[in-house]
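Inspection log for the structure reproduced underneath, given as structure tokens.
Just so it is clear, none of the values below were taken in a lab; they were calculated from the coordinates. Since the model is a prediction, treat every value here as computed from it, not as a measurement. Every residue, glycine among them, receives a Cβ derived from its backbone with ideal geometry; neighbour counts consider all protein chains shown.
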């Protein structure tokens, strides 16, 4: 049985057969240097320009070279996707090497800039169109593999990626919870035999259940690797595993459920790691008005200084609203009017800081949960568990 030829071997085969030679090339490194998101790395990474292909071989040309139908499909798919995958892999590898562990704890979380994501989407659209024309809708596009493990030595990155692919295949065909557990155990065994204790710890900080739980929140929180590691350990504890399972359970926990006690212990462990003030910041980070600040900074080019100013606005507005609500010299009507005026000034400040269009988008996406309270004659304050809302005129 013939082995599947590589693109290089295929090009040689076609050349000998008198058919076309595949000519892949990059246009060269981009002149402009792309700034990696501040949360990821202070380094600057030169992103390659979009790769181009002179011409992909046709199905007829590959078939004429003596390839079977399955080999034709694999070879043409590789030919169409090779340049884009190489371009994407280079960016992922560079950023995975320099990204803190909480950023890569979530699958597919290596950040691309807005421009790169647009170019990547366009390349994939062209690939899908070419593959659909050749093989019909739904033709698969190859994935990345070892680039996700670029923080490991290169040879081990390839083996770890292979183990991960085997895990995905096993999970996709699992018929029971026992099958899934067996697949995970086989994956853990492979990693344990492959990696040193230190390398295994690096994988744990990115792939464990605790890493995914913490990573979802840590990307909206200013912290360092030691803090992240301690939080991951708390969520990987026995209590943490109970909490993870509870979050996946569609049945709501009722009072007296021992899982609630486990959740409280995990929260206490989080407070112990962060301290009271940082714990408050940790919980605020899950609210849309603060998450949007991080998104604007990382993905849409808002400067770090402007992002810090924007993050202060909900807090300063809360303090001003509370002061109005506590002013006993004002009637409830005057307080409501003052709160409405504060809301308008807050909107104007945001638009002045971000610009009209971005500012309006930020307000539309997040404002209901804080500015909107002021419009309705209410005030708010941030607490350790979320947000507290009150109405003027109460307690007089």
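Per-structure values
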| read-out | value |
| --- | --- |
| Cα-projected label distance for residue 277 with residue 128, points at 7 Å along beta-carbon direction, nm | 4.8 |
| Virtual spin-label span in nm between residue 328 and residue 348, 7 Å along Cα→Cβ | 3.2 |
| Nearest-0.05 FRET efficiency for residue 356 and residue 238, computed from C-beta distance (R0 51 Å) | 0.50 |
| Modelled label reach - residue 247, point 7 Å along Cα→Cβ, region 212-228 residues with backbone N closer than 14 Å | 212-220 |
| Protection proxy ranking, peptides 291-301, 77-87, 340-350, average beta carbon neighbours within 10 Å, highest first | 77-87, 291-301, 340-350 |
| Potential lengthening between residue 212 and residue 312 on full extension [0.36 nm per residue; Cα-Cα distance subtracted] | 33.2 nm |
| Residue 189/residue 381 FRET efficiency (R0 45 Å; Cβ-Cβ; nearest 0.05) | 0.35 |
| Distance (nanometres) between label positions extended 7 Å along Cα→Cβ at residue 174 and residue 391 | 5.0 |
| FRET efficiency, residue 201 to residue 300 (Cβ-Cβ, R0 30 Å, nearest 0.05) | 0.30 |
| Contour excess over end-to-end distance, with Cα ends at residue 86 and residue 254 and 0.36 nm allotted per residue | 55.4 nm |
